[in-house]
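Here is the structure we will look at.
Laboratory data are not the source of any read-out in this text; all were calculated from the coordinates shown. Just so it is clear, the structure is predicted and the values come from calculations on it, not from any experiment. In this analysis, Cβ positions are derived from the backbone assuming ideal geometry, glycine residues included, and neighbour counts consider all displayed protein chains.
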């Protein structure tokens, strides 16, 4: 794996945060090493609270040339100036998200462990496909378990980037990087890291570099 196509981190926010407090943790994490994307994924709060969180956190990512992605909601992604949206199989259809956000936005799709979903997403024009869950996660208990072989199959067939999701940590990420994941999507593996988020980002990047 060359530096040009080296695997990168795709950070997802914890499902419940105080945006004002979390801002410092996000800035520290992004300043600690290479991160490709940050996804705002908040649960059980209203739209106004999501808007507030986006307004606080989006500039921190964008000022560092890190894409800021909204989870599930193309409408809020457009309204809050996000770089794109991530949609699941049960969320807004890709075509609707693309029509709302335009050709320059990032639209990524959850494909679970389905080759069919991934091929369909790529044909529609998705900017990335997300496979998983590869490991059990306390953040989002998995309904589907994926194996690293699907990443290897995808990387050998398609140029659309792949994102590996689900319970990824510094200790278990190696098989996913080796299999060809373009991004590692991480939640608790960074935010709950014993030495803090910045140390986690450094450790992830070191682990990826050792494999590369």
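Points worth noting:
- Value of Rg/Rh across the chain [Cα atoms, Kirkwood radius]: 0.93
- In terms of other Cβ atoms within 10 Å, 127, 46 run from fewest to most in the order 46, 127.
- Here the relative contact order of the chain, from alpha carbon pairs under 8 Å that lie six or more residues apart, stands at 22 percent.
- Its convex hull of Cα atoms gives the stretch 91-148 a direction-averaged projected area, equal to a quarter of the hull surface, of 4.4 nm².
- Residue of 165, 12, 50 that the Gaussian network model of the chain assigns the largest fluctuation, springs spanning Cα pairs under 10 Å: 50
- Annotation: the stretch 1-111 has a Kirkwood hydrodynamic radius of 14.3 angstrom, from the mean reciprocal C-alpha pair distance.
- Look at 90, 147 and count the other Cβ atoms within 10 Å of each Cβ; fewest to most, that gives 90, 147.
- Annotation: Cα Rg of the stretch 56-117 relative to the compact-globule expectation 2.2 N^0.38 Å equals 1.14.
- Label-to-label distance for residue 47 and residue 123 is 3.3 nm, based on points extended 7 Å past Cα in the beta-carbon direction.
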